[in-house]
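The values are calculated or read from the model by the stated rules, or taken from the named source; none is laboratory data. Because the structure is a prediction, the values reported are computed rather than measured. Virtual Cβ from ideal backbone geometry, glycine too; neighbours counted across all protein chains shown. These accessible areas exclude ligands, DNA and RNA; they are computed on the full protein's heavy atoms, side chains included. Shrake-Rupley method; radii C 1.70, N 1.55, O 1.52, S 1.80 Å.
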Amino acid sequence: MIETEEHKALRAAVAALGKRHGRDYVREDLWSEAAKLGYLGVNLPEEYGGGGGGIAELSIVLEELGAAGCPLLMMVVSPAICGTVIARFGTDAQKHAWLPALADGTRTMAFGITEPDAGSNSHRITTTARRDPDTGDWLLTGRKVFISGVDIADATLIVGRTEDSRTGRLKPCLFIVPRDAEGFTRRQIDMELQAAEKQFELVLDDVRLPADALVGDEDAGLLQLFAGLNPERIMTAAFAIGMGRYALGRAVEYARDRAVWNTPIGAHQAIAHPLAQAHIDLELARLMMQKAAHLYDAGDDVGAGEAANMAKYAAGEACVRAVDQAVHTLGGNGLTREFGLASLITASRVARIAPVSREMILNYVSHQTLGLPKSY
């Protein structure tokens, strides 16, 4: 897809911001400046202080920050998932309470779906919400795991399940849970991954929420859930492409400057060709990401679902290969703190694993796109 002049200008402006902060960025400072420049809420409605754009614009912001070595992971969660869900399905009160603050960066929201016994299978989510018949309040009980940024988020959008009064079956619903809600506790998970945003296990022990903590329609179920999950996949692709571009850029710079036997190592095809291939893979992944964003912003949720999964798969694979080749290009220097690539070996794997594994994406494509029978 050929980018518009507006998108090119946005990309250039964000790249300049990223370059100013660089790999040694302070997350809070970058978050604040990106918010003041209007980048955090570029996808949110103008009437609530956003930019009036879509996931296409937000993905450009995250990709360019990642390419500069300073990705903001909470962009995937706060404006992309939570902001989108509230903008599409929230009540007027929820929109006024959250969207302007998400857009200007003064408030952030985390997203809680994954559980210890329900990874990719959202149908096995056991976090349940029941009504208090006397007050109309909701009572949430359950556990979540690998939830990003809960310590810095003002609230967490929790995926729970309520009982359908007609069938007795559980259906997914979304609840806004304030950080300081009674019975809502968190434990930081000790990760090898080096990131500004921490990971947490959450426990909800009869957390009492007012009736208006429910986002959208109690009967909308999966429609509302996937309104957030498709942007999450697109933004994860942007995160991965940015990281891959950063690693590739460092490797290309090194290959130009590093001379052995009076010749830059980048002149040798054994070095140059894998780097060229990494660039091609990243560009192809970006094309699918742009297609997915275009479909989503156009309101084609079904088409966006397929493209978003493919984009996330392609970007994750391209990122891992780019980082691996970058480290290999630098040799021993690729493992030093000075060059800052070694930590990306672990970080790049995230795009293969989260928010859904590449195997589950292959399952999706095989039975949704190719029409093959399910194996599960």
Say we look at region 297-312 and pick out the residues that are of a type in the set (A, V, I, L, M, F, W, C) and over 16 Å from the mean Cα position of the chain (by Cα); which of these is least open to solvent (accessible area, probe 1.4 Å)?
ALA298
Given ARG130, ARG107, which one is outside any loop (DSSP other than H, G, I, E, B), touching a residue at least 24 places away in the same chain (Cβ under 8 Å) and open to solvent by 20 Å² or more (accessible area, probe 1.4 Å)?
ARG130
Hey, ARG256 without any contact (Cβ under 8 Å) to a residue 60 or more places away in the chain and outside any helix (DSSP H, G or I) or not
no
Of all residues making up region 180-235, the number that are within 16 Å of the chain's Cα centre (by Cα) and more than 27 Å from LEU62 (Cα to Cα):
0
Scanning region 270-296 residue by residue, those in contact with a helix residue (DSSP H, G or I) (Cβ under 7 Å, 6 or more places away or on another chain), under 13 Å from ALA326 (Cα atoms) and open to solvent by 20 Å² or more (accessible area, probe 1.4 Å) turn out to be ILE271, ALA272, PRO274, HIS279
Which one is least open to solvent (accessible area, probe 1.4 Å) among residues in region 248-269 that are of a type in the set (Lys, Arg) and farther than 13 Å from GLN325 by Cβ?
ARG258
Which of the helices (runs of 4 or more DSSP H) contained wholly in region 1-80 include at least 2 residues that are surrounded by 24 or more Cβ atoms within 10 Å (Cβ to Cβ) and of a type in the set (Gly, Ala, Ser)?
55-67
Just to be sure I understand, how many residues within region 315-353 are open to solvent by 10 Å² or more (accessible area, probe 1.4 Å), in contact (Cβ under 8 Å) with a residue 60 or more places away in the chain and either acidic (Asp, Glu) or assigned to a loop (DSSP other than H, G, I, E, B) (or both)?
2
Wholly within region 169-243, strands (runs of 3 or more DSSP E) carrying at least 2 residues that are within 20 Å of GLY90 (Cβ to Cβ) and open to solvent by 20 Å² or more (accessible area, probe 1.4 Å):
170-178
